[in-house]
Structures are given as C-alpha cells and as structure tokens.
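Asks: Sharing a structure, written as structure tokens. Questions coming.
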There are 2 protein chains.
Amino acid sequence: MNDRLRWIRNNLKTQNIQGMIIQNPVNIHYLSNIDAEGVLLLTLKENFYITDERYLEKVQRTLMVDDEIVVLSSRNLIQEDYENFFMFCENVGFEEHYVTYAKYKEIMHKYKVHSLVETEGIIEKQRQIKDFNEIKNLRKACQITDDCFTYLLKYIKKGMTEKQIADEIEKYFKASGGVLAFDTIVASGENSSMPHATPTDRKIISGDVITIDMGCSYNGYCADMTRTIFVDKIEERVKASYDLVLENQNTVIEEMKDGAQIKIIARIVEGNLKMHGHDPMHALGHGVGMNVHEDPILSQKSDKVLKENMVIAVEPGIYIPGKYGIRIEDTVLITREGTEILTKSTKEYCVI
Amino acid sequence: MNDRLRWIRNNLKTQNIQGMIIQNPVNIHYLSNIDAEGVLLLTLKENFYITDERYLEKVQRTLMVDDEIVVLSSRNLIQEDYENFFMFCENVGFEEHYVTYAKYKEIMHKYKVHSLVETEGIIEKQRQIKDFNEIKNLRKACQITDDCFTYLLKYIKKGMTEKQIADEIEKYFKASGGVLAFDTIVASGENSSMPHATPTDRKIISGDVITIDMGCSYNGYCADMTRTIFVDKIEERVKASYDLVLENQNTVIEEMKDGAQIKIIARIVEGNLKMHGHDPMHALGHGVGMNVHEDPILSQKSDKVLKENMVIAVEPGIYIPGKYGIRIEDTVLITREGTEILTKSTKEYCVI
C-alpha cells in the first residue's frame, strides 16, 4: 500500500475508526493520484475506488500496483454490495467538511453503516505537513511565480487594463508548464483598496498603486504571492503604509518556526496594525498546498502550533477605502529553526 | 424587491417556510447579483446580506435600491443578533445540497432556529426556467462557441497538441468577451474513447478522430457543445458510429418540447444505442445555465417533464475503449411547440 494510505489507515485505527468514505477529490488525489469522479472506500482489509464506467479506463491508467486500490464500476454494484463494504466496522468515518447534508443522508441510506463518525479533517491535517516531493513542486510553483513577476515589471505599461495584465499572467504560467492556482487579482488605483477585487477594464495611469495577487499551480501545488507596485511615483503616505506592511510581514516571518504558537504571532502583528489606526481586514495568512487556502489559518483565534514542513502564505495588508491598498504576501516554508521564503521576488519599492 | 427574490419568498410561504439561509454563491448571485463571499438571509420582513468587512465596498456597489437587501458586516454582529434574525419563524429553510454536514451543525448552533428544513433545491428549480435576459446571454454564449468552432476548423493542423488547441479555445473566448464555461476537452485518436479526457501533449496525426467538448460562458451563462471531427479521412466503421450518434441526437431533439416526459425520450435513445451494441456511458444530457451542469438530467431514471424556457445540453455518445469515441452535443432551448437549437455549428462530417 502507498505510504499516504497506510498512514491514514493507521491514524484512523488509533481513533477506533475501522473504515472511511472519502469523497473530496483533492483528498482522493492526495491518497491515490486519481483524478476522476468517484469515491474512495477504506474498508477493514481493502481499499476500493468506485467510479463511473466512463472513468474506468482513466483510473486504471493512473493507479500503480503499489497503491493496492481495487477499482469498481458503480454500474456493476447493487444495494447489497454497498451494505457489505463496511461489514464488521464499528465506526466508519466521513468528511463532514466536504459532504453536503443531503449527501450525508444518502450515505447513511446507501452503506447502512452502524455508526458514521466525523473525522475532523484527518486527511487535511496530514496534508498540512509537506513531504519532499510536495515541497519540490511548491518550490517550482513559487519560482515560476517569481519569474512572472520579474517579467511583469517590464511588461506593465500605462494604458493597459487590469484584465490585460491578469491575462498575461495566466499566459506566462501556461507557457511555463503551470496553470493559475487561483483567479489573479490585479487591482489598480482606488480598486486596490478592495482586498478581493476582480480585474476590471480600468486602465493603468500615472500615480497608480497596483496590487497583484497571483500564484502558479505546478503539478497540482499552489504558490501564493502578492506584490504592490507603483506607477511613476509613490506618495509619502502610501510609502509609510508600505513600510508598515513590510515591517509587519517581516515580524511574522521572523517569529515563525517549528513549535511557534500562531495566536501569539497574530496578536503581535494585529496589535501593531491597530496601534497605527488600521483594521486588519482579513487573516494574516493561511496554509498553501494542493489548495491555495488550507489550514492552518494565521489568526488570533487559532490555537494551533506551526510545524516543520508546513507551507504558509503570509499576507498582511492595509486598505484605505476608496483610496488605495497595500498587501505584501509570500509563500513560506516552516523549518526546524525558522523559515525559508519560497517566493523570492523583491520587496523594495517597485516603481515602474 | 426584485422579481426573483419576491418569487422565492412567495414560493417559500406556500410551503410554510418563513425564512431561508442561502449560502450557495451561484444562488446568491441569481437572487441578488452579489459576487462576494457571504450569506443571504430571507427573514420574515427583510432580506440581509452578511459579508466580511473586506467585501463591504464591493457588495454596496453591486446592489440596486430595488433589491431591498440590507448589507451587514459580520464583524459587527454578536451571537444575539444571529439568534434574532429568525425570531417568530416556525420553519427556516437551508440548502441541503450545498451546505456541508459540518456547516449544517454550525448553522443550527449559530441561528438557534426552531426548525431548520430542507428546501429540495427550490432556487435551482426556479433557475431551470430561464427568463428573457438569461436566454439572451445563453444565445450569445452559444454564438461565441459556434464562431470559435468555425475558427478551429481552419486553425487545427497536424502536429499540434491537444493542449495547444484547448488553449486556443480559451484565448478565443476571452477575446470575444467570454471565459471558459468549463475545462475544455480535446481528445484525439485513442484518447477520444474517454468521455472525460483531459487535454494531453498528444499530437494530432492523420486519421485521428478528435472530440472537442467546449463552451463559452458569457455574462455568467454557459454554452455546452461537442463536435467530433476527423483528420484527412474517416474509416467506414467510424462513419457508421457517427451516423448512429447523430441519428439519436436528432431523435432526442425532435421529441423535446414543453410537457415532454424525460424518461420516455431517454428510453427510446438508450434502447436504440443498446440495440446497436453500445452502452450509454453517461446521461443523455443535462440542464445548462449559470452552471454548466444543472437539473434536469436527461436519463431514464428521471420523472421530470420538460418545460418551456428550459435550456438543455443534449449529448449522446459512443465510446470504443482504446480505439475511438464519437459525441455530438448541442445546447437547446425548449419552446412551447418544440425546440430551438442555440448552438448552430455544422454536424456534417468535418474532415480537416
């Protein structure tokens, strides 16, 4: 059996859970490499993947002997088969953060499980700690994102629209063997004051502040980086905001290491922003991996501790409604002693 | 209040439901035009949109006075406020097909609703019947998709990869003011036998069968069209499969009209395919609109009836594992007397 499947099975066992129904496609991909609709069943002795006839060929091509996953076509299964999968299982886990209420009821009815139990993100927790190959993919995703930013500094010109710049970023990622990890944000002028603006037809003009929040996904792993750049000049008050955001981002990164408490780090930075009259409008950061937003969330409400080989996007920001916004974000690997910043683009003032 | 909100409120009333918690962003957009994270509450007297501080500006800019939706920032709400929203409501609806089991428990805890009831896709049912503006957008999405297909017939050359063709389709849609409605399928040669293949680096060669399943999304409305084309020549057995698929697609479209029973149409066609030794590997079709896959599903299991102004993608196919596949799909508007096919690309043999 592959390592990830064995790990999850052992982990379930320690919680007195003898089987699990896995439906989140990202979790399925993580455990099996399968990339086709279906459901992964971990039963007492075996692993099954139940898929639609039309995906059978694709799934068979993906799996390795080592995975030890038996593929079944849903059309060949009758109600009794479903009821037999978890025979002799006292507790069977499901993904309560993925499965809808309607699906939950359907599962109950279909598998006739004795006790269907919540698993509290057991697979997502495992996914927080990245292995060697995952870090390699994340490094590459960050490198393409960095290269793209270097390219953008030459590419962006006055008169271009936000949409045009966002499209160019997508093109760049594709040409580099990646895809968009998420919808790019290019927010210029007054639009930059909205942390989650969608690119518009607004044209870049002199004096603009431009926030670019982008990330390449490489082999299914996401980078997440934001840089705020300036057109022709920087106003003094904007410069002061930029310095404050950068200072706070540095503080977070300096405090991060294996064993560090998230809430303490968040408290320092959110306190500092508030002291300067700014309201932290979103979380300071979040895990990154197969999803661009994963646990852990960097916030004062968190009672989690950072661990070696977590990968975290750190993104403090300041937003002055209707005027401008500044955000600086890096994807950072947690190490035993501190951090390694995976996105390496300059954080000096970039005036184009 | 806008028409859609009024309609849904009246519909809820007839079911003795006095309030509803709406979280599906597509449904929220449908009812309010809002395109930002949050939750829409229909309470006894008022409508509220609760959003994150960072989206406040964006939401305020979207709403019209006529919508009658009060916008609230989640950070200003305390537990008591949530408990007060549905005071005096006997039954409050939620979206059991969207809300996860974990969220369901969270809602129960947060709103302390007397009785939280399933709404059986009440908004999705309303969305099945398209209004004038929706049909206008769907027409435009289909037209761009058609234009793109005409362009592709000249563009595709031997030696190009499937990925290259898929990228060109995306570029074409964007240049026409649209975006991809879904990930394009370009499946050539033996890949075409997989109904849901992902574009690969396989190069187009002479004799290839190429299945192209694509759709433009315009103003948030999706087209869905598949054409199967041929490189240099068509083998006789492939021609026979093509004729059979087209004949069956024609049968479906001829049978469709306001009041037609889905299961009867599906039975005729699936029976015909089976008689010719083919296994219908997926549903014959599905609704299209704000989502590319919506209700109703065209299948023998359906007990639904077609209605005027539904828009349906009709997509019979034949798949010979490891050899080739043929699929022909059109987006079709149901009218009082019959249908209007919105995608108008040729279904003659296309040999490039």
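Asks: Computed FRET efficiency, Cβ-Cβ of B:Asn250 and A:Lys307, R0 56 Å: what is it to the nearest 0.05?
Replies: 0.40
Asks: P(r) for the range B:37-163: what percent of alpha-carbon pairs falls in each 5 Å bin, starting at zero?
Replies: That works out to 2, 8, 12, 14, 15, 13, 8, 7, 7, 6, 4, 3, 1, 0, in percent per bin.
Asks: Right, next: Using DSSP, restrict attention to beta bridges with both residues in the protein assembly as shown and report what percent are antiparallel, rounded to the nearest 5.
Replies: 80
Asks: Quick one: pull the percent of accessible area on chain B belonging to carbon and sulfur, 1.4 Å probe, ligands and nucleic acids left out.
Replies: 50
Asks: Could you give the accessible area per residue of the range B:1-76, probe 1.4 Å, as a whole number in Å²?
Replies: Using a 1.4 Å probe on heavy atoms only, each residue of the range B:1-76 averages 48 Å².
Asks: Report, largest value first, the span of the C-alpha coordinates of chain B along each principal axis, in whole Å.
Replies: That gives 71, 41, 36 Å along the principal axes, largest extent first.
Asks: A follow-up question, please. Using the charge dipole of the protein assembly as shown (Lys, Arg: +1 at Cβ; Asp, Glu: -1 at Cβ; taken about the Cα centre), state which of A:Cys148, A:Val288, B:Ser115 has its Cα farthest towards the positive end.
Replies: A:Cys148
Asks: Just subtract the alpha-carbon distance of B:Lys136 and B:Thr161 from 0.36 nm times their residue separation and send over the number in nm, one decimal.
Replies: Taking 0.36 nm per residue and subtracting the Cα distance, the gain is 5.6 nm.
Asks: Could you tell me which of rounded, prolate or oblate describes the range B:1-103, using a ≥ b ≥ c as the square roots of the eigenvalues of the alpha-carbon gyration tensor, with rounded for a/c under 1.5 and, failing that, prolate when a/b is larger than b/c and oblate otherwise?
Replies: Rounded shape, in that the Cα axes give a/c under 1.5.
Asks: Still on this model: Please average, across the residues of B:57-65, the number of beta carbons from any other chain that are within 10 Å of each residue's own beta carbon, and give a whole number.
Replies: Across the residues of B:57-65, the mean count of other-chain Cβ atoms within 10 Å is 2.
Asks: I would also like to ask the following. Would you compute, from DSSP H runs of 4+ residues alone, the mean residue ellipticity of the protein assembly as shown at 222 nm, taking -39500 (n - 2.57) per run and dividing by the full residue count, rounded to the nearest 500?
Replies: -11000 deg cm²/dmol, from helical runs alone.
Asks: Report the B-A buried area as the accessible area lost on both sides summed, probe 1.4 Å, in Å² to the nearest 100.
Replies: Between B and A, the summed buried area is about 2900 Å².
Asks: For label points placed 7 Å from Cα toward Cβ, what is the shortest-first list of nm distances from B:Val305 to its copies?
Replies: 6.5
Asks: Could I ask something else about it? Enter the mean number of other protein chain beta carbons within 10 Å of the beta carbon of each residue in B:101-110, as an integer.
Replies: Across the residues of B:101-110, the mean count of other-chain Cβ atoms within 10 Å is 4.
Asks: Give the calculated FRET efficiency between A:Asn33 and B:Lys125 to the nearest 0.05, with a Förster radius of 56 Å applied to their Cβ-Cβ distance.
Replies: 0.90
Asks: Pairs of alpha-carbon atoms within less than 8 angstrom and 6+ residues apart define the contacts here; what relative contact order does the range B:280-336 have, in percent?
Replies: 34
Asks: Taking the Cβ of B:Gly338 as the centre, find all other residues whose Cβ is under 10 Å away and add up their charges (Lys, Arg: +1; Asp, Glu: -1).
Replies: For residues surrounding B:Gly338, the net value is -3.
Asks: Give me the three principal axis extents of the range B:293-340 from the C-alpha atoms, as integers in angstrom, largest value leading.
Replies: 41, 24, 18
Asks: Sort B:204-211, B:133-140 by packing, meaning the average of other beta carbons within 10 Å per residue, with the highest value first.
Replies: Peptide ranking by packing, descending: B:204-211, B:133-140.
Asks: May I ask you to list the residues of the range B:69-98 whose amide nitrogen lies under 14 Å from a point 7 Å from Cα along the Cα→beta-carbon direction of B:Lys112?
Replies: From the range B:69-98, the list is B:78-89.
Asks: At B:Val70, label 7 Å along Cα→Cβ: distances to the other copies, nm, ascending?
Replies: Its label point is 5.9 nm from the equivalent points in the other copies.
Asks: Say R0 is 35 Å: what FRET efficiency, to the nearest 0.05, do B:Asn2 and B:Asp279 get from their beta-carbon distance?
Replies: Computed FRET efficiency for B:Asn2 and B:Asp279 comes out at 0.15.
Asks: Using a 1.4 Å probe on the heavy atoms of the protein chains only, list every residue of the range A:272-296 that has 40 Å² or more less accessible area in the complete assembly than in its chain alone.
Replies: Buried by the other chains: A:Met281.
Asks: Find, among the GluC sites (Glu not before Pro) in the range A:249-327, those assigned to loop by DSSP (not H, G, I, E, B) with at most 15 other beta-carbon atoms within 10 angstrom.
Replies: The qualifying sites are A:Glu308.
Asks: Hey, got the dipole for chain B? About the Cα centre, +1 on K and R Cβ, -1 on D and E Cβ, debye to the nearest 20?
Replies: 400
Asks: Percentage of Cα-Cα pair distances in the protein assembly as shown greater than 49 Å, rounded to whole percent?
Replies: 16
Asks: To continue, here is another question. With a 1.4 Å probe and all protein chains left in place, how much accessible area per residue does the range A:114-256 have, in Å²?
Replies: Roughly 41 Å² per residue, with all protein chains present.
Asks: Pairs to check: B:Lys257/B:Lys344; A:Lys163/A:Lys239; B:Lys45/B:Lys112. Give those whose C-alpha atoms are more than 21 Å from each other in this structure.
Replies: A:Lys163/A:Lys239
Asks: Of the peptides A:58-71, B:26-39, B:256-269, how do they stack up when ordered by the mean number of other Cβ atoms within 10 Å, highest first?
Replies: My ranking of the peptides, most packed first, is B:26-39, B:256-269, A:58-71.
Asks: Which residues belonging to the range A:185-209 lose at least 50 Å² of 1.4 Å-probe accessible area when the assembly is complete, relative to their chain isolated?
Replies: Relative to the lone chain, where solvent access is computed with a 1.4 Å probe, the range A:185-209 loses at least 50 Å² at A:Met194, A:His196.
The values are calculated or read from the model by the stated rules, or taken from the named source; none is laboratory data. Please read all numbers here as calculations on a predicted model, not as lab measurements. Reconstructed Cβ throughout: ideal geometry from the backbone, glycine too, with neighbour counts over all protein chains shown. Accessible surface areas use protein heavy atoms only, side chains included; no ligands, DNA or RNA. Shrake-Rupley method; radii C 1.70, N 1.55, O 1.52, S 1.80 Å.
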